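To start, the structure itself, in structure tokens.
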Amino acid sequence: MRGFPDHDVDRLLDEIRGDAAFQERLTNWKVIPAREAVTAPFPQNIDPRLIGAMKSRGIERLFSHQSEALERAARGENIVVVTPTASGKTLCYNLPVLNELLARPESRALYLFPTKALSADQLDELHGIVTSTGGDVKTFTFDGDTPADARRAIRSAGHIVVTNPDMLHSGILPHHTRWVKLFENLKFVVLDELHHYRGVFGSHLANVIRRLKRICRFYGSNPRFICCSATIANPGELASRLLEDAVTVVDKNGAPSGEKHFLLYNPPVVNRELGIRRSVIKESRDVADRFLEKGCPTIVFARSRLTVEVLTTYLKEKMSRRHKNPELIQGYRGGYLPTERRAIEGALRDGSVLGVVSTNALELGIDIGSLEVSVMCGYPGTVASAWQQAGRAGRRQGRSVAVMIASSSPLDQYMVAHPDYFFGRPPEGAVLNPDNLVILMSHVKCAAFELPFEDGENFGACQEDLDELLHFLEEHRVLRHVGNRWHWMADVYPAGDVSLRSATTDNVVIHDVVNDRVIGEIDWPTAPLIVHDEAIYLHQSRQYQIERFDYENKRANARPVEVDYYTDAESKTDIKVLDIFEERPAPGGQRAHGEVAVTTLPVLYKKIRFHTHENVGWGYIHLPEQEMQTTSFWFSYGENDHQTLGVTAEEMGLGLKALANILSQVAPLFVMGEPHDLRAVAMVQSPFTRRPTVYVYDNHPGGVGFSERIFEDCARLFRSAGELVGGCPCPDGCPSCVGPALEIGPRGKELAVRLLALGGMEDRGVLSGQGLSAASRPSASAEA
Amino acid sequence: MTLSDRLRRIGALHGIAPAAPIPEPAPREELSGFLPCSNMYGTFLMSERLYPLEHAHGRHALQEALACEAGALGVLARDRSMGAFDVSRALFLDTETTGLSGGTGTVAFLVGVAGFEPGGFRVRQLFMRDFDEEPALLFHLSLLLEERTGIVTYNGKSFDVPLLATRFIANRLPAPELDLPHLDLLHTARRLWRHELSELTLASLERSVLAVMRTGDVPGMMIPALYFRFLTERRSDLLEPVFSHNLLDVLSLVSVLAAGARACRGEGERVGERYGVARTLDAMSAREEAVQAYRRALALCREPALERTVRKSLARALARLGNHDESAVEWRTLADRWDDLDALEALAKRAEHRTRDLAEASACVERALARLNSPIYRAVRTHDRRRAALLSRRERLHAKLARAGA
Ligand SMILES: [Zn+2]
């Protein structure tokens, strides 16, 4: 524990309370009271060596959720533990696993972490416990960096193999015969940070787990799963969809916590018309520095690597100006060497570093001791993440502060304006679709490569499609059916072509022609809008100009440049409905979801100057149109609604455009998606519905479940978007809400508010959502 | 909408061959030269050929491999304990597979195995007409392995043998002992012939070393596709070139062994090969033999670049033997002929510490420093380190000279 006296934070909080200018920018000051620990004794049947090891680390009793996890896992239940940061969650899986391994040394366990950075840290803690039990439990990390000569030992002797889903998918499962010991004796699979496995990644992971279980069945094992998740709306649902099995939710947190002050902070408006607020970076610098100046250990979270660098520089400058050592401030992000990272972590723990600026790399379980202040430079994208970042300050005792500083993006603005939403029940549900055809087929191929399918075999929950897929692959000479089995019949290694992070199998390679190296790859569907000829492509904050996009060969040639503008491509999008899954009348219109074909024709690009955002040129894009089949949600209004609303058809078109803009911004909030996961398109008269219609579609071929979720919860989405637009101080629209007035016309914002109100009307007979308390309030008053 | 329409629309078909109707399974006819072979796991096809011991495959008769003495075997494996390897009881093995990338989905559809027996050299080819014949084939292979005490392959340590081990597991068959003494001739070839051959495939060895003529051979990378075509079309002529390819591969294993043994006896006429043997002996700490072998290689050397390399190895080997005078002779040749930096450094060191000729040492240091200043050395990674070492030697020498002068 750190030796900083508690009154530093207290004094600062008092000072802030008396600072009128600061107070004015706060949209909420929430005090979360301290909580007492709820403990339980060690359950029966725990190896005494393990209890001894715990006691030697000062743990006399377990927190209630730890002991519940231990008991349930020992009974053979699959569990998902849902607890906040600093609640001792790693013991929830380390205890059951070590207890098993101490009792039966031939047993094995597999730990999966979504990223590599975590593993080193987890390993240290685990080694510590193992050493104090005196037992012989060998733990190894197996990933792309594992040297070839160490791999053999890991395969045969590793009791606990720590890896990530990508390595399991491409490096372990396709070579399962080298891992006989592991698969024959696999008792536990640990999935930490479960909430990361959503959308495309989750849909892939569900299939990797199908393959894993299939291999385990072959070797006669049947492992149990122990999952840990941050707080989301549907941890149990997420876990059982990933595992396709019953899962018990363990969510009664018994860990104590100190008092926490959570502040929502909105930088002041500097230009009402353009909706521009004071820079979130400068504001974060000033807020963080206030705490650093008083000697409070502080972590600042930024959303990009570039922002980390900028903020680190700013804060070091502030230190220097006060004649303090600037090295008290450190940056931390992916791309730093592991040794540098370990050094910074250690310095944070022992207090020789006071402040750290980090990407979300430090959001997760890396031990950096207990800090007192967490400053978020921008909303991290999900409420779950915001709580994890806030949790890096303040562990089990003492007062701590978290300040979330909003950028001018619509989501950020929504969050600071709606503390009820933020502090209420977790709003976001993780979605996934393991039966997305592209993803499913990729993994059926991988699975067939690993072991021939047998007639009548299941692959997860998709029996019907499996038979069809196998026949399909036979027709395409990928499989051969003989003797009741489907044999792999191709000279390729299928896992090598499948990335778990993308729903497409095709990528465009971006090649730096000056330095003759590949600088990146992007998904085929989005390529025409990003790497068209003349586009400015950003990579690690360097600018490249695309010299030529070779459409046939899926290759873009780029040249490093330094220019003061970026490019923004515009495209014409057309949507054709292929199949309706579900359709329901809504009070303000009609809502539906189904399968659609989206065609995108890139039209032109604009050159936009940094900072001033003025348009400094444009050009045509000459590329063929792209077609993608995916799933979509759509909402259609009454045929004559524009007359009812008293606007012309043209105005209606602009209003719908404004509506599409805001929906595509807010929708990711409800599905824990990223902005690029969803797109929205509006049509004054959709050829399919013949009505004014807005489509919100899944931007991944085949869809990964987002649109269905939006369909279920659409009234709430429209209301939230309505509140955001209504609460925005701009007169006629701005980039923080429905888009600039230039784009959506003088009445666009007003119309969008009315269209959102129609769509947000309570759908009687359907329980819609979770009773967002803000919904009952008048939507037009801004709190700021 | 059918599944294939949906898959097409969502673009899941990139990189997949076009669909073609699945023909009715054709009857599994027998192939000429092969006979059905049945066991408790089913049936597969096998061919057998017995070659007389004096059969010449290229410039070597098969029996030359049998004459391989223990010392030579040790050198070929770079492992003295392999001197006990019994060629007469070894299994010569080469597989043809459905893929070249490895992983559980790759199958060996044709396994060529051979071994010496009193009357000659017997080659068997085990072939599966379809995937369901694999268990029977593997089971028979495990019986053949039981009679053998070692394995000879070309790249089998990392490819054929692990692949077969995987196939036994994937078919839930009791695995035979595959962890036998294993002479992987690819490793041997790398040590012996890489100094003169740019490519070390079995085919290139055949051309350059073994004098084996292959006609109408099929490139290895084509083989999986031929087998897949055979599975649907059942035309045995598709696989004829694969069968003969595999047969030649197995026979060539014997010839590589014979050629290697000859090289170890110092009978080869190839300078690179002699050098390769010498290097191997050197690596095995057989110092005196290594020195002799280097000298034998030097005797044939016509090409200056190789001569320089060989001479340098010889100089080092002599020094390790403690024969510093002879070593110095070689270093001097190197220094005079090529202004060789290693030689100048070695001579400087010798002059300073051994012969205590400080002037000579100084001269060598100056020459070395000048040499180090040439563009080729300035670009080399070790430049700075070497320069620093030479400078400190120069300083020390100056101090010694000053003291001596005083
Ligand atoms: Zn606005």
**Item:** Centroid-to-centroid separation of the range A:1-72 and the range A:110-180 [C-alpha atoms, Å]
**Value:** 30
**Asked** Mind ordering A:428-441, A:232-245 by average Cβ neighbours within 10 Å, highest first?
**Response** A:428-441, A:232-245
**Request:** Quickly rank A:700-710, A:445-455, A:20-30 as a protection proxy: mean count of other C-beta atoms within 10 Å, highest first.
**Result:** A:700-710, A:445-455, A:20-30
**Asked** Can you give the Rg and Dmax of the range B:28-264 based on its C-alpha atoms, in angstrom?
**Response** 17.1, 50
**Asked** When we measure straight from the Cα of residue A:749, which lysines land under 19 angstrom away, once same-chain ones fewer than 8 places off are left out?
**Response** A:657
**Request:** Report, to the nearest 10°, how far helix B:324-338 tilts away from the longest principal axis of the Cα atoms in chain B, using its own Cα long axis and a range of 0 to 90°.
**Result:** 80
**Prompt:** For the pair residue A:75 and residue A:497, how long in nm is the line joining their label points, each one 7 Å along Cα→Cβ?
**Reply:** 4.7
**Asked** Under a straight-distance cross-link criterion of Cα-Cα below 18 Å, which aspartates and glutamates are reachable from residue A:572, leaving out those fewer than 8 residues away in the same chain?
**Response** A:533, A:625, A:627, A:650, A:698, A:743
**Asked** Peptide A:577-586: average number of partner chain Cβ atoms within 10 Å per residue?
**Response** 1
**Request:** Collect residues whose amide H, placed 1.01 Å from N in the peptide plane, falls under 5 Å from the amide H of residue B:109; neighbours closer than 5 in sequence don't count.
**Result:** B:96, B:97, B:98
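Over all directions, the average projected area of the alpha-carbon convex hull for the range A:1-81 comes to how many nm²?
Values: hull surface 35.6 nm².
The directionally averaged projection comes out at 8.9 nm².
Filter the cross-link list A:294/A:324; B:157/B:312; B:349/B:400 down to pairs whose alpha-carbon distance in this structure exceeds 21 Å.
Numbers: A:294/A:324 12 Å; B:157/B:312 33 Å; B:349/B:400 14 Å.
As for pairs spanning more than 21 Å Cα to Cα, those are B:157/B:312.
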**Prompt:** Once you average over the residues of A:443-455, how many Cβ atoms of partner chains fall within 10 Å of each Cβ?
**Reply:** 2
**Asked** Ordered by residue, what ³J(HN,Hα) values in Hz, to whole numbers, does the range A:135-148 give under the Karplus form 6.51 cos²θ - 1.76 cosθ + 1.60, where θ = phi - 60° and Gly and Pro are x?
**Response** x, 9, 10, 9, 10, 9, 8, 10, 8, x, 8, 5, x, 4
**Item:** Per principal axis, descending, Cα span of the range A:437-490 in whole Å
**Value:** 24, 20, 19
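For the range A:569-783, report the accessible area per residue in Å² (1.4 Å probe, heavy atoms, rounded to an integer).
Values: 9160 Å² over 215 residues.
In whole numbers, the range A:569-783 has 43 Å² accessible per residue.
Would you compute, from DSSP H runs of 4+ residues alone, the mean residue ellipticity of chain A at 222 nm, taking -39500 (n - 2.57) per run and dividing by the full residue count, rounded to the nearest 500? Spell out each step's value before the answer.
Values: 25 runs with 274 residues, N = 784.
Helix-only estimate at 222 nm: -10500 deg cm²/dmol.
With all pairs of different alpha carbon atoms counted, what Kirkwood hydrodynamic radius in Å does the range A:569-783 show? Walk me through the numbers before you get to the answer.
Values: mean 1/r = 0.0566 Å⁻¹.
Hydrodynamic radius (Kirkwood, Cα only) of the range A:569-783 equals 17.7 Å.
Which percent of the accessible area of the protein assembly as shown is formed by carbon and sulfur heavy atoms (probe 1.4 angstrom)? Let's see the in-between values first.
Values: 24390 of 48940 Å².
Carbon and sulfur together cover 50 percent of it.
Taking a quarter of the surface of the Cα convex hull of the range B:108-156, what do you get in nm²? Provide the component values of the computation, followed by the final result.
On the way: hull surface 15.7 nm².
Projected over every direction and averaged, the Cα hull of the range B:108-156 covers 3.9 nm².
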**Asked** How compact and how long is the range B:285-406, expressed as Rg and Dmax of its alpha-carbon atoms in Å?
**Response** 15.6, 51
**Request:** Please report, to two decimal places, log10 I(q)/I(0) for the protein assembly as shown at q = 0.07 Å⁻¹ as given by the Debye formula with identical point scatterers on the Cα atoms and no solvent.
**Result:** -0.89
**Asked** So which aspartates and glutamates can residue A:187 reach, going by Cα to Cα under 20 Å and dropping same-chain residues fewer than 8 places off?
**Response** A:47, A:68, A:71, A:77, A:100, A:106, A:136, A:244, A:245
**Complete:** Computed over the range A:507-563, the Cα gyration tensor eigenvalues, each multiplied by 5 and square-rooted, give semi-axes in Å (largest first) of 16, 11, 10
**Euclidean distance of C-alpha centroids, the range B:99-138 and the range A:617-667, integer Å** = 63
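How many Å² of accessible area per residue for chain B, probe 1.4 Å?
On the way: 18380 Å² over 406 residues.
Per-residue value: 45 Å².
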**Message:** Please compute, for peptide A:164-177, the average count of beta-carbon atoms on other protein chains lying within 10 Å of each residue's beta-carbon.
**Reply:** 2
**Message:** Can you give me the long-range amide H partners of residue A:430? Hydrogens built in the peptide plane at 1.01 Å from N, cutoff under 5 Å, separation of 5 or more residues or another chain.
**Reply:** A:233, A:234
**Prompt:** Among A:546-553, B:241-248, what's the highest-first ranking by average C-beta atoms within 10 angstrom per residue?
**Reply:** B:241-248, A:546-553
**Request:** Using label points projected 7 Å from each Cα along Cα→Cβ, tell me how many nm separate residue B:400 and residue A:518, to one decimal.
**Result:** 5.5
**Prompt:** Under a plain spin-label model, where a point goes 7 Å from the Cα along Cα-to-Cβ, how far apart in nm are residue B:329 and residue B:388?
**Reply:** 3.8
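The values are calculated or read from the model by the stated rules, or taken from the named source; none is laboratory data. Small disclaimer: the values here were computed from a predicted structure and weren't measured. Here Cβ is always computed from backbone atoms with ideal geometry, including for glycine, and neighbour counts include all displayed protein chains. Calculation scope for accessible area: heavy atoms of the full protein, side chains included, ligands and nucleic acids excluded. Shrake-Rupley method; radii C 1.70, N 1.55, O 1.52, S 1.80 Å.
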